[in-house]
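In what follows, a single structure is set out as structure tokens and then discussed.
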Amino acid sequence: TDFGPFSQARMVMTATVTRALVLALLAQAALCTIYFQEDFQDGDGWKSRWTESKKKDSQGKLEIGKGELNAGTEAENGLITAEDMRHYTVTAPFDPFTNKDKTLVLQYQAKLPKKFDCGGIYLKLYPKGHDLTTLDGDSKYNIMFGPDHCGYSTKKIHLIFNYNGKNHEKKDEIKIEYNEKDELSHLYTLIVKPDNTYKVLFDNKEKASGSLFDHFDFLEPKEIDDPEDKKPADWVENAKMPDPADKKPEGYDDIPKQIVDPAAKKPDDWDDESDGEWEAPMIDNPDYKGEWKPKMIDNPDY
């Protein structure tokens, strides 16, 4: 499946209560052409290569740094989302290419702080023609890939392909385990092969793989419901029916729900004049069976 041509890489950092660090971004395969590579190791030089979107008023500040947890080396520098409760969209162009008859590898490294609450860091590949200053979540893309964390309920890696103008997300979630959600750097890798198979790696360990056609709804189903077919007016949907031969026993409705407790005795010190007339307490009637209903049998018309 040809998802290209691609001409722009976009980091979409939708962050709430977080500061995320993107360490490196590349699209490459060993011994193959490197179409795009970024390591953010030249200070503010990244600003000449990347364009921040101005579409949303909630766009946050980006800066270079090592993040809260680091070993103090310069090689750890990366792009940091410096403000909480903000959106971040930053895009860089590259020469157009296509994955037709080629293996495509997308790979980037990122880390999230321990206090990270809700948000994601997505890499999107775009076709050419977009105004980079107005990109937002509705802008058309070719591929979306990256982690999404939100509280305890959502910990997954998104993988979405745009095919024939429609976005197709992987049918099953690519889960991130609880012990994999930490403040350490993690490597996210997507591999798409010419034989229409794919792999998703997390720290070089396989998280998902298989056929694009099996795991995504790229192709229309072989069969569909006949739109001209209508349910017959006399169609019977009940598998069971009341037994017409079953009759309510005579006197069934005369059985009370409660009866006087036959074991109850009037206390010896009970005084009718001062205590009032003594009445025995009521108890549930063991012979009471509730509302009568006929037994159910198989419906011959079902």
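Measuring between their Cα centroids, segment 223-300 and segment 134-206 lie 56 Å from each other.
The portion of the accessible surface of the chain made up by carbon and sulfur, rounded to a whole percent, is 48 (1.4 Å probe; DNA, RNA and ligands excluded). Solvent exposure of the chain, expressed per residue, is 61 Å² of accessible area, with all protein chains present and a 1.4 angstrom probe.
Find the relative contact order for the chain and round it to a whole percent, using C-alpha pairs within less than 8 Å whose residues are 6+ positions apart.
Computed over the chain, the figure is 17 percent.
For q = 0.20, 0.21, 0.26, 0.28 Å⁻¹, what log10 I(q)/I(0) does segment 190-241 give under the Debye formula with an equal point scatterer on each alpha carbon and no solvent? For segment 190-241 at q = 0.20, 0.21, 0.26, 0.28 Å⁻¹, log10 I(q)/I(0) is -0.81, -0.86, -1.03, -1.07. Pick from Val260, Val192, Val200 the residue whose mean-square fluctuation is largest in a GNM of the chain, springs joining Cα atoms under 10 Å. Comparing Val260, Val192, Val200 in a Gaussian network model of the chain, the most mobile one is Val260.
Loop-resident chymotrypsin sites (Phe, Trp or Tyr not before Pro) (DSSP state other than H, G, I, E or B) in segment 135-222 with no more than 12 further Cβ atoms inside 10 Å of their Cβ: Tyr152. Proximity of backbone amide H atoms, modeled 1.01 Å from N, is registered between Leu123 and Val12, Phe145, Gly146 at under 5 Å, excluding neighbours fewer than 5 places apart on the same chain. Kirkwood radius and radius of gyration were both taken over the C-alpha atoms of segment 37-189, and their ratio Rg/Rh is 0.94. Computed from backbone phi with θ = phi - 60° and the Karplus coefficients 6.51, -1.76 and 1.60, the 3J(HN,Hα) list for segment 265-271 is 10, 5, x, 4, 8, 6, 10 Hz; x is used for glycine and proline. Only protein heavy atoms count here; under a 1.4 Å probe, Glu38 has an accessible surface of about 10 Å².
Evaluating 6.51 cos²θ - 1.76 cosθ + 1.60 at θ = phi - 60° for every residue in segment 100-107, the Karplus couplings come out as 4, 6, 9, 8, 9, 10, 10, 8 Hz, glycine and proline recorded as x. For the options Pro286, Pro221, Pro127, a Gaussian network treatment of the chain with springs between C-alpha atoms closer than 10 Å singles out Pro286 as fluctuating the most.
Between Ala208 and Val200, the built amide H atoms are under 5 Å apart, and every one of these is 5 or more places off in sequence or on another chain. Couplings 3J(HN,Hα) for segment 275-287, derived from phi with the Karplus relation 6.51 cos²θ - 1.76 cosθ + 1.60 (θ = phi - 60°), are 9, x, 5, 6, 10, 5, x, 9, 9, 4, 7, x, 8 Hz, where x marks Gly and Pro.
Annotation: cysteines of the chain without a disulfide-compatible partner (Cβ-Cβ under 4.7 angstrom) are Cys32.
Within the listed set Asp268, Asp243, Asp229, the Gaussian network model of the chain (springs between alpha-carbon atoms below 10 Å) gives the highest mean-square fluctuation for Asp268. For the chain, the equivalent ellipsoid built from the Cα gyration tensor has semi-axes of 66, 32, 17 Å, listed from largest to smallest.
Calculated [222 nm] ellipticity per residue, helices only, for the chain: -500 deg cm²/dmol; basis is -39500 (n - 2.57) per DSSP H run with n ≥ 4, divided by all residues, nearest 500.
The values are calculated or read from the model by the stated rules, or taken from the named source; none is laboratory data. Since this is a predicted model, take the numbers as computed values, not measurements. Virtual Cβ from ideal backbone geometry, glycine too; neighbours counted across all protein chains shown. For the accessible areas, the whole protein counts, side chains as well, though only heavy atoms, and no ligand, DNA or RNA atoms are used. Shrake-Rupley method; radii C 1.70, N 1.55, O 1.52, S 1.80 Å.
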